[in-house]
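Beneath this line is the structure, given in structure tokens, with notes to follow.
No value in this document is a laboratory result; all are computed from the given coordinates. What you see is a predicted model, and the numbers here were worked out from it, not measured in a lab. Glycine gets a Cβ as well: all are built from the backbone with ideal geometry, and neighbour counts include every protein chain shown.
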Amino acid sequence: MSFELRDVLERRAGEQLALYGRNVNPQLVRVLKTIGFDRQYVRAEGCYLYDAGGARYLDFLAGFGVFGLGRSHPVVKKALHDALDADLASLVQLDTPLLAGVLAEELLKRLHPGMGRVFFTSSGAEAVEAALKFSRYATKRRRIVYCDHAFHGLTYGALSVNGGKEFRKGFGPYLPGVDDVPFGDTDALEKALRSRDVAAFVVEPIQGKGVNVAPRAYWDAVQELCHRYGTLLVVDEVQTGLGRTGRLWAHEHWGLVPDVVTVSKALSGGYVPVGAMVCSTEVSDSVYSSMERALVHSSTFKNNTLAMVAGLATLQTIDDEDLVDRARVTGDAMTKALAPLLDRHDLFQLVRGEGLMVGLVFGEPSGGGARARFKLLELAHKGLFSQLVVGPLFQRHRILTQVAGDAMNVVKLLPPLVAGQDEVDLFVEALDDVLTSARKSSALVSLATTLTKGALRRDR
């Protein structure tokens with residue numbers, strides 16, 4: 001009997017949670033039930049998801065930034081269908097596939113002239129792994145420096161430069177010679193680099209965990225310090241790249257000229273995993289220095305045809321639909337629309353980020369009773385209030401967002417780059433409603449019990 005996708009979808013409809021809990025990760029199922037995110041999505045298009053009952057959800061998470069073009073983009077779909085219909089040779093391995101060369105050329109055209117080589121990967125973490133290896137080999141240095149609160153992936157090398165304690169706990173020891181410095185602290189960075197034994201400083205231009213942004217003066221100092229001490233500047237654009245911040249690359253906001261750039265997520269078009277480590281010709285040629293070393297670093301799926309097609313279609317669509325500028329315009333509209341809420345709700349204290357990478361920062365209110373209730377929440381679990389914003393946004397308004405990091409009162413927004421004023425208006429109206437409810441005398445306490453009640457109800 002031949003495989004029929006439609007038959008599988010129809011026969012197993014409604015079994016998502018049970019199957020995943022039994023065969024993949026039962027703890028994730030418990031989390032989703034607890035926070036009320038246990039929906040069964042059956043369709044997606046643009047900025048929206050649709051569940052089995054036909055309800056529509058505004059997706060301000062975008063698969064952690066994967067769906068820059070929105071979901072089910074017709075250009076990427078057609079390109080992948082065309083590739084499948086063409087029966088192209090893929091993963092021959094001992095060959096030089098055309099589409100990998102074309103995609104590499106297109107990426108290099110979009111970066112500064114000092115970049116000369118591309119190594120393709122299947123994920124952002126794998127791109128970071130390549131960056132670490134190439135940096136150590138090219139510089140003949142052992143040490144790597146990264147920032148606290150950074151997120152660069154969860155494979156071992158990437159985890160070694162990950163600033164999130166919640167991800168690192170229990171997995172040590174990590175790579176030797178790897179040290180962290182506070183994000184935004186130039187004195188700490190200089191102290192770390194002045195020994196001239198640091199191969200690379202690995203940094204996100206905007207930190208994904210917390211949506212932390214450093215000032216221009218910091219980045220000017222980073223560039224100068226790396227040059228002075230011979231350290232390669234590795235900029236992780238896995239989430240920030242390809243238009244997310246209103247520039248094609250977030251490092252362009254501060255005029256950085258990195259030695260290495262990692263990219264993934266949105267490059268996939270939302271269909272086929274693909275990533276890349278882009279570096280200078282000198283760095284790459286130091287690794288691939290002879291015929292004997294032609295495959296000294298490689299990856300089985302690095303040049304797979306469908307991934308290359310997805311990447312090419314994505315870059316073309318970004319250009320054709322002017323999505324970089326659209327992200328800037330919609331990001332400005334979001335900031336403008338949120339400004340009155342900052343005045344209206346003293347729990348809501350700051351909007352930070354660039355373009356459509358937005359962090360909403362919440363904190364202790366000024367009123368005595370409300371302040372006491374907020375402190376009780378913080379004693380129960382630091383950063384709990386942000387989850388109690390994300391929950392009602394989803395449950396009452398069907399808007400998908402995320403907490404920006406463990407123990408942080410920051411809600412993170414990553415809308416698809418195709419989002420516009422309609423989506424901004426929907427979100428701001430919903431947030432105003434959620435924060436208005438939170439002002440009520442018992443709201444913070446009642447919201448805090450939502451998680452517990454949800455867990456008990458759904459575990460029966």
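With R₀ set to 30 Å, the beta-carbon distance separating D38 from E10 gives a calculated FRET efficiency near 0.90. Taking the centroid of alpha carbons for each part, the range 268-340 and the range 171-248 are 20 Å apart. Centre-to-centre separation between the Cα atoms of the range 347-421 and those of the range 1-78: 24 Å. With each label modelled as a point 7 angstrom along the Cα→C-beta vector, the A372-S298 pair spans 6.9 nm.
Each label point was placed 7 Å from the Cα along the Cα-to-Cβ direction; for V92 and L175 their separation is 3.3 nm.
Around A214, what is the net charge, scoring Lys/Arg as +1 and Asp/Glu as -1 over all other residues with Cβ under 12 Å from its Cβ? All intermediate terms of the calculation are to be shown ahead of the outcome.
Details: positive: R216, R352; negative: D185, E204, D220, E354.
For residues surrounding A214, the net value is -2.
Loop-only trypsin sites (Lys or Arg not before Pro) in the range 162-256, please: DSSP not H, G, I, E or B, and at most 12 other Cβ atoms within 10 Å. Within the range 162-256, the qualifying trypsin sites (Lys or Arg not before Pro) (loop, at most 12 other Cβ atoms within 10 Å) are K169, R194, R196.
With the simple model of a label 7 Å out from the Cα in the direction of the Cβ, A217 to E105 spans 4.6 nm.
The equivalent ellipsoid of the chain has semi-axes of 36, 29, 21 Å, largest first, where each one is the square root of 5 times an eigenvalue of the Cα gyration tensor. Applying both filters, DSSP loop and at most 15 other Cβ atoms within 10 Å, to the chymotrypsin sites (Phe, Trp or Tyr not before Pro) of the range 15-100 gives F37.
Work out, step by step, the length gained on full extension between R194 and D320: first 0.36 nm times the residue separation, then minus their alpha carbon distance; give nm to one decimal.
Additional length available on full extension: 40.8 nm.
Would you please give the FRET efficiency between Q27 and A380, computed as 1/(1 + (r/R0)^6) with r the Cβ-Cβ distance and R0 = 22 Å, to the nearest 0.05? In this case the efficiency is close to 0.60.
Helix 443-458 and the longest principal axis of the Cα set of the chain meet at an angle near 70°. Starting from the Cα gyration tensor of the range 74-320, take the square roots of the eigenvalues, sort them a ≥ b ≥ c, and report rounded, prolate or oblate (rounded when a/c is under 1.5, otherwise prolate if a/b is larger than b/c, else oblate). It comes out prolate by the Cα gyration axes.
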